[in-house]
């Protein structure tokens, strides 16, 4: 039900509300018909107008009362039919008041003023007829006592300003109530719209969080697999070069390749399981953390690297994001050192406390005359920088005299 794109009942869409509206419409139509029948009876007794006048007025009012069923779909049609009867014939203007109430839900300004003026005219004319009836059969003097048989019938008339004053009060009351109801309806609709928008916003925010988490996990998996595959490639190259140095060394190299590939497959299974889930358990992905640094360094030592690990972690555990990123920094730095400075000593230092945050420092010696500009495409370091900055930390990777240093700082609870 709308007029000019405006919906009257934006909120009341439940079955109970529909039942209430239908019951209200039934009561309105019944009241208008009863008022019309009562007016016909009063007018016929008073004899102020011929019978055909009263009959035509009653028929028009009954049609207007029925039209009130569709007063919200066609408010102007209902108002036009409702005011036609009381303006032309001696009948009541009850239906016009209900039609005006419906119009207040859709229009403002001069259109509402015009509707109110027409309704006022209909009410004024109808009450003027009533002012000239017998006092014991007049609506305006409904409290007057009934005339006993044998007593003279009072014939005095009311001043003409009284029916028009009553008409003004009735129209103002209807317009005020209509505007109040429209305001309440608009507030309820705005509240419902806000609730829906909040619900949709929360859903979108949750979906964005799940998407961002999955993207982060996929990026971590890419970096982890890249590091593992690089180590496998280095181990395989060493195995090819040292194939004539005895079966024990060859077996050790093969074991390293097997273990690295097995760990990489385990990581891949974990990430695939998370990406297949609905994202509710994205926090329990089993990604590596600072607690796994000893295993990472031990694996690097087994591959032939000379790595020194120093950790100074205060009581408590850093946030999961900081711990994960710290592990990734050490892992990528060790992989780069193995690829580009194999055989050089590497030192790994990790300091962590709630007061100072997490500090990671990885250093490897650089052969004199060898430039770090040839250290690959540096896409791994770029990815590390993005991850560190993503949790609110700082990252730096550069060459110092005789050393290449990768360092970062991470907040304790990002």
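The values are calculated or read from the model by the stated rules, or taken from the named source; none is laboratory data. Predicted, not measured: the structure shown is a model, and the values here were computed from it. As a convention, Cβ positions derive from the backbone with ideal geometry for all residues, glycine included, and neighbour counts pool all protein chains shown.
Residue 338 - would you say it is surrounded by 21 or more Cβ atoms within 10 Å (Cβ to Cβ), within 26 Å of residue 219 (Cα to Cα) and at pLDDT below 85?
yes
What's the total number of residues in the range 301-334 that are crowded, with 20+ Cβ neighbours inside 10 Å, without any contact (Cβ under 8 Å) to a residue 60 or more places away in the chain and under 12 Å from residue 350 (Cβ atoms)?
Counting residues in the range 301-334 that are crowded, with 20+ Cβ neighbours inside 10 Å, without any contact (Cβ under 8 Å) to a residue 60 or more places away in the chain and under 12 Å from residue 350 (Cβ atoms) gives 3.
Only residues that are modelled with pLDDT under 85, loosely packed, with under 12 Cβ neighbours inside 10 Å and within 21 Å of the chain's Cα centre (by Cα): list them for the range 208-217, please.
Within the range 208-217, 211 is the sole residue that qualifies.
May I ask you to say which residue of 298, 344 is over 18 Å from residue 225 (Cα atoms) and not assigned by TED's automatic domain parsing to the domain that holds residue 407?
298
Hey, can you tell me all the residues within the range 55-83 that are surrounded by fewer than 20 Cβ atoms within 10 Å (Cβ to Cβ) and within 20 Å of residue 117 (Cα to Cα)?
74, 76, 77, 80
Given the residues 143, 176, which is the only one that is surrounded by fewer than 18 Cβ atoms within 10 Å (Cβ to Cβ) and at pLDDT below 85?
Sole residue among the options that is surrounded by fewer than 18 Cβ atoms within 10 Å (Cβ to Cβ) and at pLDDT below 85: 143.
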